[in-house]
Amino acid sequence: MKIGVYQGHAVGKESEHAFAVIEDTLKAASSVGTDIVVFPELFIPGYNQPDLHRALAQPSGGEWEQRFASLAATHSCGLVIGWAEKDGEKVFNTASAYDASGAKIGHYRKIQLFGAIEKSVFEFGDSYCTFDVAGTKVGLLICYDIEFAQHTWALRELGADLLIIPTANPIDFDNVPDLLVPARAAENGMVIAYANYCGSEGNVTYGGKSVIVDGNGAVIAQAGRCPSLLIADLAQVAQPLSTQHQDYRDINRA
């Protein structure tokens with residue numbers, strides 16, 4: 001399986017520009033046999049756009065999702081992308097997954113909302129999501145979720161070998177891609193692909209440093225602070241050495 005991680009500037013409410021970026025990226029990734037590409041959190045309509053999240057949010061199956069699916073099918077390349085979802089009067093920070101035929105295979109709502117602004121707009125998600133890509137079981141989290149070890153553990157318990165994370169991580173939080181993501185991977189013996197923005201959006205400067213790490217916590221590929229497209233062939237990844245997951249003794253449960 002080949003996975004791609006897109007890192008780029010936030011395009012905000014300019015949705016046509018966003019769709020052009022998605023199309024160009026999928027076309028490039030598909031040309032080298034990539035199975036699925038991960039984009040950042042709330043790629044449409046942008047992360048640091050709280051006034052637009054409620055105003056522009058779309059329902060599941062709406063125009064945005066139809067176009068995501070169409071682009072995946074056109075370029076025969078799967079896609080995971082963050083977007084603002086409207087469900088009745090509620091709005092969710094959502095990520096959806098589509099396979100190379102354009103079929104929707106995953107839908108996840110962020111569990112751990114970060115800070116007062118997110119909590120003022122979005123409702124909390126309340127369930128996990130797993131799906132299969134090229135014979136690999138995949139779990140899905142969004143940004144702040146990865147900072148809670150319990151969520152990664154829960155997805156490993158559900159059988160996920162690969163964890164995909166759209167994120168919008170600011171520049172002051174390099175500890176997440178540098179330390180926490182590799183630690184979560186090593187703790188659970190799973191590959192993690194973490195897709196961040198770079199550059200600025202309003203008063204937020206993003207840290208970049210999108211990363212793909214193997215099940216031993218070793219970096220397979222990592223971006224810097226500039227736009228990048230990381231691609232990794234997971235068939236070449238070393239097998240995890242950790243046995244903690246199966247050896248763990250839960251003394252509270254006992």
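Out of everything in the stretch 130-155 that is more than 20 Å from A168 (Cα to Cα) and open to solvent by less than 60 Å² (accessible area, probe 1.4 Å), what residue ends up being nearest to the chain's Cα centre (by Cα)? Please lay out each step first, then the result.
Of all residues in the stretch 130-155, those more than 20 Å from A168 (Cα to Cα) come to 130-138, 150, 153-155.
This time we only want the ones that are open to solvent by less than 60 Å² (accessible area, probe 1.4 Å), so: 130-131, 133, 136, 138, 154-155.
Details: T130: 13, F131: 13, V133: 14, T136: 16, V138: 11, A154: 17, L155: 14 Å.
Top of the filtered list is V138.
If I filter the stretch 172-192 down to residues being open to solvent by 10 Å² or more (accessible area, probe 1.4 Å) and within 19 Å of R225 (Cα to Cα), which single residue comes out as farthest from the chain's Cα centre (by Cα)?
Initially, the stretch 172-192 is screened for residues open to solvent by 10 Å² or more (accessible area, probe 1.4 Å), giving 172-175, 178-180, 182-184, 186-187, 189, 191.
Now restrict to residues that are within 19 Å of R225 (Cα to Cα): 172-175, 178-180, 182.
On the way: D172: 20, F173: 17, D174: 17, N175: 17, D178: 17, L179: 17, L180: 15, P182: 15 Å.
Checked the stretch 172-192; the qualifying residue farthest from the chain's Cα centre (by Cα) is D172.
Tally the residues that are farther than 20 Å from G115 by Cα and either touching a residue at least 40 places away in the same chain (Cβ under 8 Å) or touching a strand residue (DSSP E or B) at 6+ places or on another chain (Cβ under 7 Å) (or both), restricting the search to the stretch 166-194. Before you say what the answer is, go through the steps one by one.
So in the stretch 166-194, the residues farther than 20 Å from G115 by Cα come out as 178-179, 181-194.
So of that shortlist, the ones also either touching a residue at least 40 places away in the same chain (Cβ under 8 Å) or touching a strand residue (DSSP E or B) at 6+ places or on another chain (Cβ under 7 Å) (or both) come out as 181-182, 184-194.
Summing the residues that are farther than 20 Å from G115 by Cα and either touching a residue at least 40 places away in the same chain (Cβ under 8 Å) or touching a strand residue (DSSP E or B) at 6+ places or on another chain (Cβ under 7 Å) (or both) in the stretch 166-194 gives 13.
Could you identify the single residue in A18, A28 that is over 22 Å from V211 (Cβ atoms) and among the small types (G, A, S)? So that I can check it myself, show each step before the final result.
Working: A28 fails: over 22 Å from V211 (Cβ atoms).
Within the list A18, A28, the selection yields A18.
Residue-wise test of (1) modelled with pLDDT under 95; (2) open to solvent by less than 10 Å² (accessible area, probe 1.4 Å); (3) of a type in the set (G, A, S); (4) out of contact with any Pro (no Cβ under 6 Å at 6 or more places or on another chain).
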site	(1), (2), (3), (4)
A72	no, yes, yes, yes
S76	no, no, yes, yes
L79	no, yes, no, yes
W83	no, yes, no, yes
K90	no, no, no, yes
T94	no, yes, no, yes
A97	no, yes, yes, yes
K104	no, no, no, yes
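Conditions: (1) among the small types (G, A, S); (2) assigned to a loop (DSSP other than H, G, I, E, B); (3) farther than 23 Å from G207 by Cα. A73 meets all but one. Number of the miss?
(2)
Go through the stretch 206-254 and report how many residues are open to solvent by 60 Å² or more (accessible area, probe 1.4 Å) and under 19 Å from the mean Cα position of the chain (by Cα). Talk me through it step by step, then tell me what you get.
Within the stretch 206-254, the first condition is being open to solvent by 60 Å² or more (accessible area, probe 1.4 Å), and the residues that meet it are 219-220, 222, 225-227, 229, 231, 235-236, 239, 241, 243-244, 246-249, 251-254.
With under 19 Å from the mean Cα position of the chain (by Cα) added as a condition, the list becomes 219-220, 222, 225-227, 229, 231.
Qualifying residue count for the region: 8.
Yes or no: A195 open to solvent by less than 10 Å² (accessible area, probe 1.4 Å), of a type outside the set (D, E) and under 19 Å from T25 (Cβ atoms)?
Numbers: open to solvent by less than 10 Å² (accessible area, probe 1.4 Å): yes; of a type outside the set (D, E): yes; under 19 Å from T25 (Cβ atoms): yes.
Spelling it out, A195 is indeed open to solvent by less than 10 Å² (accessible area, probe 1.4 Å), of a type outside the set (D, E) and under 19 Å from T25 (Cβ atoms).
Just to verify a result, which residue in the stretch 26-52, among those that are acidic (D, E) and in contact with a strand residue (DSSP E or B) (Cβ under 6 Å, 6 or more places away or on another chain), is least open to solvent (accessible area, probe 1.4 Å)? Show your work before the answer.
Restricting attention to the stretch 26-52, the residues satisfying the condition of being acidic (D, E) are 35, 41, 51.
Among the residues that remain, those that are also in contact with a strand residue (DSSP E or B) (Cβ under 6 Å, 6 or more places away or on another chain) are: 35, 41.
Working: D35: 53, E41: 2 Å².
Residue satisfying both the conditions and the ranking: E41.
Please count how many residues of the stretch 45-59 are over 18 Å from the mean Cα position of the chain (by Cα), assigned to a loop (DSSP other than H, G, I, E, B) and of a type outside the set (A, V, I, L, M, F, W, C).
2
The values are calculated or read from the model by the stated rules, or taken from the named source; none is laboratory data. As the structure is a computational prediction, the values presented were derived from the model and not from experiment. Positions of Cβ are generated from backbone atoms using ideal geometry, with glycine treated the same way; all protein chains shown enter the neighbour counts. In case anyone asks, the SASA skips ligands and DNA or RNA and just uses the protein heavy atoms, side chains included. Shrake-Rupley method; radii C 1.70, N 1.55, O 1.52, S 1.80 Å.
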